[in-house]
1. Consider only pairs whose beta carbons are under 6 Å apart and that are at least six residues apart or on different chains; among these, list those whose first residue lies in region 103-132 and is in contact (Cβ under 8 Å) with a residue 24 or more places away in the chain and whose second residue is aromatic (Phe, Trp, Tyr) and in a helix (DSSP H, G or I).
2. Which condition number does residue 97 fail, the rest of (1) in contact with an Asp or Glu (Cβ under 8 Å, 6 or more places away or on another chain); (2) surrounded by fewer than 17 Cβ atoms within 10 Å (Cβ to Cβ) being met?
3. Out of contact with any Pro (no Cβ under 6 Å at 6 or more places or on another chain), assigned by TED's automatic domain parsing to the domain that holds residue 125, over 12 Å from residue 136 (Cβ atoms) and crowded, with 19+ Cβ neighbours inside 10 Å: does that describe residue 54?
4. Could you grab me the full set of residues in region 199-213 that are more than 45 Å from the chain's Cα centre (by Cα) and assigned to a loop (DSSP other than H, G, I, E, B)?
5. Among the listed residues 180, 245, 167, 197, which satisfies the condition of being closer than 14 Å to residue 326 by Cβ and of a type in the set (A, V, I, L, M, F, W, C)?
6. Out of everything in region 284-326 that is among the small types (Gly, Ala, Ser) and in contact with a helix residue (DSSP H, G or I) (Cβ under 9 Å, 6 or more places away or on another chain), what residue ends up being nearest to residue 222 (Cα to Cα)?
7. Output yes when any residue across region 186-205 is crowded, with 16+ Cβ neighbours inside 10 Å, modelled with pLDDT of 95 or more, in contact with a His (Cβ under 7 Å, 6 or more places away or on another chain) and farther than 23 Å from residue 262 by Cβ, and no when none is.
8. Residues 163, 100: which one is among the charged types (D, E, K, R) and within 26 Å of residue 69 (Cβ to Cβ)?
Amino acid sequence: MTMTRANDDALALAQRLIACPSVTPATGAVFDAMEAMLKPMGFTVDRFVVGEAPDGPVENLLAWRTTGKGPHFAFAGHLDVVPPGPGWTSDPFTPEIRGDLLYGRGAVDMKGSIAAFVAAIGDLPDDLPGTISLIITGDEEGPAVYGTLALMDRMAAREMRPDLCLVGEPTSSARLGDVVKIGRRGSVNMWISVRGVQGHVAYPHLADNPISKLVRILSAVEAEVLDDGTDWFQPSNIEITDLEVGNAAHNVIPGLATARISIRFNDRHSGASLIERIRAIAATEGGTVEAKISGEPFLTEPGALSTLVSDAIRDVTGIDTELSTTGGTSDARFLSRLCPVVEFGLTNATMHKLDEAVAVQDLHDLQRIYALILERALRGETLFAASQNDIKRAITAVARMRDADAGDAVGIGHSLKPVADFGPDRAPP
């Protein structure tokens, strides 16, 4: 296989991507630019368009390069951006450096991270065996129906399954590397409807006001305490996000009242269980519930992968990383079905804002961090660390059983699962 290194560093590659307008759903030029970066580096690139209106069509890109038998490390991200809106100091799709910052829509969310990862590949030694793949969608900021899920279907058809995955979302807060996401809460939206009987306000006995019933339902929903949080997740919360009657007349009792609620929930719940819980409350007043689950919660327990990422951050920046599950959802909620996944990228202070910008030095540092992560993962250091952690867990389990006079060691073997965790054909070195 003939490979060349990236011709540009993270800054230059980020500028090339930002210069391609790609308001969600992204298609065309920005994927052309991405393909042009990867092919000279020996990647096979599979671009495809999938889906129908209203949530499609969506363009996606799956790229991979194998240089011998070894671990499979995947990077996931999105090339689509939110609309820039009016009021920018400069053209949002004309990348501009002012002072120490690169301005442009997508600078941090997340064309900058994608550029840093591609540049990092070019920094790798030539003797690294294994597979590197990029899972890049054009629809993460929109409905996300035909984005990463469609890419996962494409991977399944090719029998591709990574051992580890890094999502380049802008997780950093005050400075690059201070926060890595190891999980996210789930999200479900529900629409509660209560039907009544329309009538004149002067003749309430001839009508049935649905608003009163809806208020009682929402009061009961508000009184629900879902949980007190877990070791890694904050408490689940229910928020009322919309109320609608649509009654323009002051002297009419309406015939229908609706409300929308949003629940962000930790791994003590599932979307389905919460829907049934709210339906039971609504039913007491004759209400009905329609729902859409945006994602289930996931958690990659602190261990080999988070240590790999945290160590690389410390080696480049000198700071200690906080492992977190706060914030909204991301496509990591889908990818967690395939393998251990964490999220780490640039600072998020300006994402989705006017004059979105990234520090030029952060781009260079992120390139170095990603290169360290890639090199150590492909050399098998993560798998070795995983096996060591499993051994420690097994020793701890034996000690607890001995102390409790359990007598029988049945079940200890369930702690020893590096092969299951890191791919069907991969044993730790």
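1. 116/370; 117/370; 120/370
2. (1)
3. No, not satisfied.
4. Answer for region 199-213, where residues must be more than 45 Å from the chain's Cα centre (by Cα) and assigned to a loop (DSSP other than H, G, I, E, B): 201, 202, 203, 207.
5. Answer to the selection: 180.
6. Among them, the one singled out is 287.
7. No - not one qualifying residue is present in region 186-205.
8. So the residue among 163, 100 that is among the charged types (D, E, K, R) and within 26 Å of residue 69 (Cβ to Cβ) is 163.
The values are calculated or read from the model by the stated rules, or taken from the named source; none is laboratory data. Remember, predicted model here, so these are calculated numbers, not experimental data. Counting neighbours? That spans all protein chains shown, and the Cβs are built from the backbone with ideal geometry, glycine included.
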